[in-house]
Structure formats: structure tokens, C-alpha cells
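**Student:** Next up is a structure, given as C-alpha cells.
The values are calculated or read from the model by the stated rules, or taken from the named source; none is laboratory data. If you're wondering where the values come from, they're calculated on a predicted model, not measured in any experiment. Note: ideal-geometry Cβ built from the backbone for every residue, glycine included; neighbour counts use all protein chains shown.
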Amino acid sequence: AQKVTQAQTEISVVEKEDVTLDCVYETRDTTYYLFWYKQPPSGELVFLIRRNSFDEQNEISGRYSWNFQKSTSSFNFTITASQVVDSAVYFCALSEADNAGNMLTFGGGTRLMVKP
Amino acid sequence: EPEVTQTPSHQVTQMGQEVILRCVPISNHLYFYWYRQILGQKVEFLVSFYNNEISEKSEIFDDQFSVERPDGSNFTLKIRSTKLEDSAMYFCASTLSRGPGNTIYFGEGSWLTVV
């Protein structure tokens, strides 16, 4: 069975601080996909990144970076120089290759509050 | 940029009433989904739909729920007799094709409040 754990329910930082959101997953599959989504106060789910289990290269996109470590089953998300607009709930999610239905299993989310 | 659109954005309904939530997936996408998020909780999978039939469904998706693609563009979720615990944000989503590596694009959600 697949499971995603985001242990940090809420994080509060001051603008320009760096912040890392943790994500730990469980799966029996050797092939799987990991995602991060952002949910701003308006409620929509915004896709941020997809990573497959065979690609452990870290990725950077502007102020965002992701650290995928299979050895610890983690896919952590770092925001550098945080801004007030980064305030949102961030969800990590997992999809297993055996799952033809494309079902995503979400973590419980981390609410990030960036204060000016 | 193509997007998934949902209507209504918010609906209030009386317990026991039927509700239909509507979605227009991205036009060339073939795989459609409904997810649910109870206030303050995680996003949960309800159902996936491909080639005019349900591909997979969760235990949440009981006989009170049904999905339909009535024409070439809309994808609907019907709740036959709403309960208080059906109050949630319902997200429609779509992907270009099958396979778990596809990015799932979500709509902005429909807030359902059952009173």
C-alpha cells in the first residue's frame, strides 16, 4: 500500500528565509512517481513538479528546489528566499506504476505561512 | 494555457438533495478524475474514468456517487442524496493518457456545502 507523510503540519517563516518542506513516502513498487502541488488560499491545486523513481537528480526551478533521496524515501522541497506569495498549503503526492488508474495518494499537506 | 474548468465554484444544498458537479477537462486529455478534500484535510481520490467507463474507484465512491461524460466535453459527478459529510471541495482533474507518469492537472474545485 502506498502512503505519503508530511510531518510538518504548519511552518511559519519570515520573508527571505529559506524553508524546507519534508515528504516521506512508502511504496512497494520499484517504479513510481512523486509530485508536489501548491494550494494557495484561493483553493486550486497547482502542479509544481513530477519526478520518477529512476531519476534521483535534484531539480532547481528558480527559488524552488527538490531533493529526492530513495535511500531515505524522501522527496523534500526547499523554497529559497521565501516570499509572502509562497504562503499556501503544499502537498506531496505519490503514484505507483502498477496503478493504471493514475491514482494519486496525497500527504496531509504542510501549511506554509510567510510573514513580511 | 489549457486548463480544467469546473462549475459551480460553490454550491449550498439541503441534505438529501441531488447535486451535479460539472467539469470540462483539457480538450485533448483522455483520462478524467474526481478527488475530494474535506476542509482542512488531505486530498482524496474518488474515481478515475477512461474510455467512457470507470477505471478505478475508492471506497469513498459508493452507490451515492456516479460519473458521466454526457457529451464530448463535459465530465460530471453526481451525488444522489447528499449527506452532511459530503461537504467538501471536489476537484476534477485530467491527464493526456494512461500511465502513472502523466501529470494530473486539477481544476479550481467546487465547494459543496450540505446543510
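**Student:** Between A:E44, A:E26, A:E96, which is in contact (Cβ under 8 Å) with a residue 24 or more places away in the chain, within 27 Å of B:V4 (Cβ to Cβ) and of a type in the set (D, E)?
**Tutor:** After applying the criteria, what remains is A:E96.
**Student:** Another one. Just to check your reading of the model, which residue among A:I49, A:I60 is β-branched (V, I, T) and closer than 11 Å to A:Y33 by Cβ?
**Tutor:** A:I49
**Student:** I'd like to check something: does the stretch A:2-14 contain any residue that is closer than 18 Å to B:F106 by Cβ, modelled with pLDDT under 95 and touching a Gly at 6+ places or on another chain (Cβ under 9 Å)?
**Tutor:** no
**Student:** Further question: Collect the residues in the stretch B:71-107 that are surrounded by fewer than 19 Cβ atoms within 10 Å (Cβ to Cβ) and either of a type in the set (D, E, K, R) or in a helix (DSSP H, G or I) (or both), keeping them in residue-number order.
**Tutor:** Hits for the stretch B:71-107 are B:D71, B:K78, B:R80, B:K83, B:L84, B:E85, B:R98.
**Student:** Turning to a different aspect of this structure: Of all residues in the stretch B:83-102, count the ones that are under 17 Å from the mean Cα position of the chain (by Cα), aliphatic (A, V, I, L, M) and more than 9 Å from chain A (Cβ to nearest Cβ).
**Tutor:** The number of residues fulfilling the criteria is 2.
**Student:** Let me ask something additional. Report the residue count in the stretch A:77-103 for those that are within 14 Å of another protein chain (Cβ to nearest Cβ) and either over 13 Å from the mean Cα position of the chain (by Cα) or not aliphatic (A, V, I, L, M) (or both).
**Tutor:** 12
**Student:** Moving on to the next point. Does A:S74 meet the test of being touching a residue at least 40 places away in the same chain (Cβ under 8 Å), hydroxyl-bearing (S, T, Y), closer than 30 Å to A:T30 by Cα and at the interface with chain B (Cβ under 7 Å from one of its Cβ atoms)?
**Tutor:** no
**Student:** Next question, about the same structure. State whether one or more residues within the stretch A:37-46 are away from chain B (no Cβ under 11 Å), outside any strand (DSSP E or B), farther than 18 Å from A:E17 by Cβ and hydroxyl-bearing (S, T, Y).
**Tutor:** Checked the stretch A:37-46: no residue is away from chain B (no Cβ under 11 Å), outside any strand (DSSP E or B), farther than 18 Å from A:E17 by Cβ and hydroxyl-bearing (S, T, Y).
**Student:** Could you check the stretch B:53-73 and list, in sequence order, the residues that are over 15 Å from B:V19 (Cβ atoms) and in contact with a strand residue (DSSP E or B) (Cβ under 9 Å, 6 or more places away or on another chain)?
**Tutor:** B:I54, B:S55, B:E56, B:K57, B:S58, B:I60, B:R69, B:P70, B:S73, listed by residue number.
**Student:** Collect the residues in the stretch A:39-58 that are within 15 Å of A:Q69 (Cβ to Cβ) and among the polar types (S, T, N, Q), keeping them in residue-number order.
**Tutor:** A:N52, A:S53, A:Q57, A:N58 - these are the residues of the stretch A:39-58 that are within 15 Å of A:Q69 (Cβ to Cβ) and among the polar types (S, T, N, Q).
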